[in-house]
Amino acid sequence: MSLPRAYVEHAAIRVSDVDRHVGFFREVLGLTIRDEQPADGARPRQVWVLGSVQLIDDPNFVGPEGRLAHLGIMVDDYDGVLARADAWGAKALPAGPNWLELPGGLNVEILPASAGAVEAALAINPRA
């Protein structure tokens, strides 16, 4: 059996001031906003920064670091990964069958990758 290939596409983090964090990513690192979801009463404002960070507005958060909400993981075998996760004992969350809670409470969002995307991401050598 060959294992699927995957990479972490984004980490979702709760922060007390989304705009301040967006400013850091833009002004210091040159990363722009990829997508934004305004608050709608049921959901907080969320901003996806190009380059793997999702910021979730949580004005009540106080602390030196953000709170991890979930990891978004791109996979090349979406259906196979979901089947193996179910057999492994991961718990599906109400958000959908691709939202899983692992033992210990870590939440992951499984995302289907387009053809060749995982291979391209894994070919990047961050230390080169």
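Any read-out appearing in this document is the output of simple, stated calculations on the displayed coordinates, not a laboratory observation. Given the structure is predicted, the values throughout are model-derived calculations rather than measurements. Note that we place each Cβ from the backbone using ideal geometry, even for glycine, and neighbour counts take in every protein chain shown.
Tally Lys and Arg at +1 and Asp and Glu at -1 over the other residues with C-beta under 10 Å from the C-beta of His70: what net charge comes out?
That works out to -2.
Can you match Rg/Rh (Cα atoms, Kirkwood Rh) to one of these, (1) 0.99; (2) 1.37; (3) 0.95, based on a calculation from the structure here?
Of the labelled values, this structure produces (1).
For the peptides 27-39, 76-88, what is the packing order when you average, over each peptide's residues, the other Cβ atoms within 10 Å and list the highest mean first?
Descending mean neighbour count gives 76-88, 27-39.
Nothing charged except the Cβ atoms of Lys and Arg (+1) and of Asp and Glu (-1): what's the magnitude of the dipole of the stretch 8-123 about its Cα centre? Round to the nearest 20 debye.
So the dipole magnitude of the stretch 8-123 works out to roughly 240 debye.
Excluding Gln54 itself, calculate the net charge of residues whose Cβ lies under 12 Å from the Cβ of Gln54, where each Lys or Arg counts +1 and each Asp or Glu counts -1.
-2
Please work out the C-alpha center-to-center distance from the stretch 96-120 to the stretch 1-55 and express it in whole Å.
Distance between centres, Cα-based: 16 Å.
Toward the positive end of the charge dipole of the chain, about the Cα centre and with charges on Cβ (Lys, Arg +1; Asp, Glu -1), which of Gly116, Ala85, Phe61 goes farthest?
In the chain, that residue is Phe61.
For the chain, take the longest principal axis of its alpha carbons; what is the angle in degrees between that and the long axis of helix 78-88, to the nearest 10 within 0 to 90?
Around 80 degrees separate the two axes.
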